[in-house]
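Working notes for the structure below.
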Amino acid sequence: MLFRKSEKGPVLTLHNTLSGNDEVFLPLKPPTVLMYSCGPTVYDHVHIGNLRSYVFSDILKRSLKLHGYKVKHTINLTDFGHLTDDADSGEDKMTVALKRLGKPFTLDSMKEVAAIYTESFKSDMETLNILPPTTYAAASEYIVKEIALVRTLVEKGYTYETSDGIYFDIQKFPQYGKLGNIDVQKLKDGARVEVNKEKHHPADFAVWKKSPLGWESPWGTGFPGWHIECTAMVFATLGKQIDIHTGGIDHIHTHHNGEIAQAEAATKKPYVKYWMHNAFITIDATKVSKSLGNGIRLTQLKDRGYHPLVYRYWLLTGHYRSPMNFTFEALDGAKQAWFRLRKHIYEEWKSAKGGVPSESYWKQFTEAISNDLDTPKALAVVWNVVGDKTLTPKDKIATLRKMDSVLGLGLSEDPDTVMRSLGVVEVEDLPEEVKLLMGERDSARKAKDWEQADRVRQQINLAGYLVEDTPDGPRVTKA
């Protein structure tokens, strides 16, 4: 373990995909950290697998703040230019959304659709207690910057033109594939018959795609390539060199190597100091995919009676670089643990004023979180605090609240205030028709007829009430 200590406490170490090692974090221009996270393509609602990336980057950001850094953070919103195979063939995903929703093929319609799914994504982020970025950058708002970056690459001789676009020639950038140690020659030797025979190399990627739908440019109407969007938005919102770039492991091979190549070809400077990637989750041991139809949404978890922070808790039980397999049994375990934690705080809250965090436990916690964001170990420390009978209630609560500034599990909220703001209603005070529906839902849940239980929940919602299942029974609130 590369973890080291200093007089001021633990040193933050992070796993850098570029080197393949854990490295002591040293920002380019302290105390500010420049951080970019690959955001969603806003052509559909995100699923719970997508959301792991943003819980991971949120823990990272909170940990950086813990170490005294100011974080300038951008999350992009791809609202055009991301093709269906993540490379350079297939339809633009936003065009797919226009077809699905029966919208005309216009930029205005594309913007309208993007707005729907952007708001959905931001709502999920807020519900999961994820700190908002400094900037949400929509690709369509940076067209001028993206065209300028393409022009730079063209003028420097890194591109060539084909009938369908402008392509980056990776053979003119010998470092291509350094992220993840991609063997470029093996890519060429193992390539199948190319879809685009005009490409010089199978790994060459489009920096501009010609299309009847798009923007005017020196190379005709079209839109910037997916990789260009991100690099141009990094340059525009953070600068030519940044500290940290995050994303899922699926971005390493194509997207992030493309970003590195075009950025460093344009500037002749190192682009990103620390590349960090989270592993996937599977659902019942199957890859999560919209095309497979198993992309569970956060709202669906809520409809089944799971508080969104239960899902956040479950994610933190695994290390961000470890694959996790989602099952409802696993989520039930996280639900029980999260409610136990909340209940413990609620029971001891009234005598918890004026407490002082335990230095010993805080040291253990910060050592765990500073060791490449070891959230499983950090949670273990949390439970050690809960079970420690030598701590006074007020010191225990003060310790847990301080830890929650990093974990973001909602443990710092005053339970009484939360209950009042939620408008909790006792079951006996409900209207008769809602009481009957509550009974029907309870019967369906006992029979494990989840579809019927969800339907009855929706009827309760339409009557103006929300239901949250707790270890002590259903909690009903006014909608």
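The values are calculated or read from the model by the stated rules, or taken from the named source; none is laboratory data. If you're wondering where the values come from, they're calculated on a predicted model, not measured in any experiment. As a convention, Cβ positions derive from the backbone with ideal geometry for all residues, glycine included, and neighbour counts pool all protein chains shown. SASA here: full protein model, heavy atoms, side chains in, ligands and nucleic acids out. Shrake-Rupley method; radii C 1.70, N 1.55, O 1.52, S 1.80 Å.
Between V356 and N196, what is the label-point separation in nm under the 7 Å Cα-to-beta-carbon projection?
Between N196 and V356, the simple spin-label model gives 6.5 nm.
Please state the shape class of the chain: rounded when a/c is under 1.5, otherwise prolate if a/b exceeds b/c and oblate if not, all from the C-alpha gyration tensor.
oblate
With an 8 Å cut-off on Cα pairs and a minimum separation of 6 or more residues, tell me the relative contact order of the chain in percent.
Averaging sequence separation for qualifying contacts and normalising by length gives 16 percent for the chain.
Residues with amide H under 5 Å of L77's amide H, sequence separation 5 or more or different chain, H placed in the peptide plane at 1.01 Å from N; which?
Amide H to amide H, under 5 Å and 5 or more residues apart or across chains, L77 pairs with A137, A138, A139.
Applying the Karplus parametrisation 6.51 cos²θ - 1.76 cosθ + 1.60 with θ = phi - 60° to the phi angles of the stretch 162-167, what ³J(HN,Hα) value in whole Hz is obtained for each residue in order, glycine and proline being reported as x?
Ordered by residue, 3J(HN,Hα) equals 10, 5, 10, x, 10, 10 Hz.
Would you mind checking the tilt of helix 48-66 against the longest principal axis of the Cα atoms of the chain, expressed as 0 to 90 degrees and rounded to 10?
Roughly 80 degrees between the two axes.
Grab the other residues whose beta carbon is less than 15 angstrom from that of A330, score K and R as +1, D and E as -1, and report the net.
Around A330, the charge tally is +1.
Compute the angle between helix 143-155 and the longest alpha-carbon principal axis of the chain, please, reported from 0 to 90 degrees and rounded to the nearest 10.
Result, in degrees: 40.
Once you sort the root eigenvalues of the Cα gyration tensor of the stretch 240-397 as a ≥ b ≥ c, which label holds: rounded (a/c under 1.5), prolate (a/b larger than b/c) or oblate (the other case)?
oblate
Can you give the % of DSSP beta bridges in the chain that are antiparallel, to the nearest 5?
In the chain, approximately 55 percent of DSSP beta bridges are antiparallel ones.
With +1 assigned to the C-beta of every Lys and Arg and -1 to the C-beta of every Asp and Glu, and no other charges, what is the dipole magnitude of the chain about the Cα centre in debye, to the nearest 20?
The dipole of the chain has a size of about 1160 debye.
In Å and on Cα atoms, what radius of gyration and Dmax does the stretch 19-117 show?
17.5, 51
Might you work out the accessible area of W215 for me, using a 1.4 Å probe with all protein chains in place, and round it to the nearest 10 Å²?
Approximately 60 Å² for this residue.
How much accessible area per residue does the chain have, in Å², with a 1.4 Å probe?
With the other protein chains kept in place, the chain gives 45 Å² per residue.
Just name one of S63, G39, T152: the one whose Cα is farthest towards the positive end of the charge dipole of the chain (beta-carbon charges, Lys/Arg +1, Asp/Glu -1).
S63
Could you run the Karplus curve 6.51 cos²θ - 1.76 cosθ + 1.60 with θ = phi - 60° over the stretch 14-24 and give me ³J(HN,Hα) per residue in whole Hz, x for Gly and Pro?
10, 7, 9, 4, 5, 8, x, 10, 7, 10, 5
Nearest 10 degrees is fine. How inclined is helix 226-237 to the longest principal axis of the chain, computing both from alpha carbons?
70
Where the accessible area of the chain is counted over protein heavy atoms with a 1.4 Å probe, how much of it, in %, is carbon and sulfur?
On the chain, the fraction of accessible area on carbon and sulfur atoms equals 51 percent.
Spelling out what I want: for every residue of the stretch 271-285, take phi, set θ = phi - 60°, compute 6.51 cos²θ - 1.76 cosθ + 1.60 (Karplus), and round to whole Hz; glycine and proline get x.
Whole-Hz 3J(HN,Hα) from phi for the stretch 271-285: 7, 10, 7, 10, 9, 10, 9, 9, 7, 7, 10, 10, 10, 6, 6.
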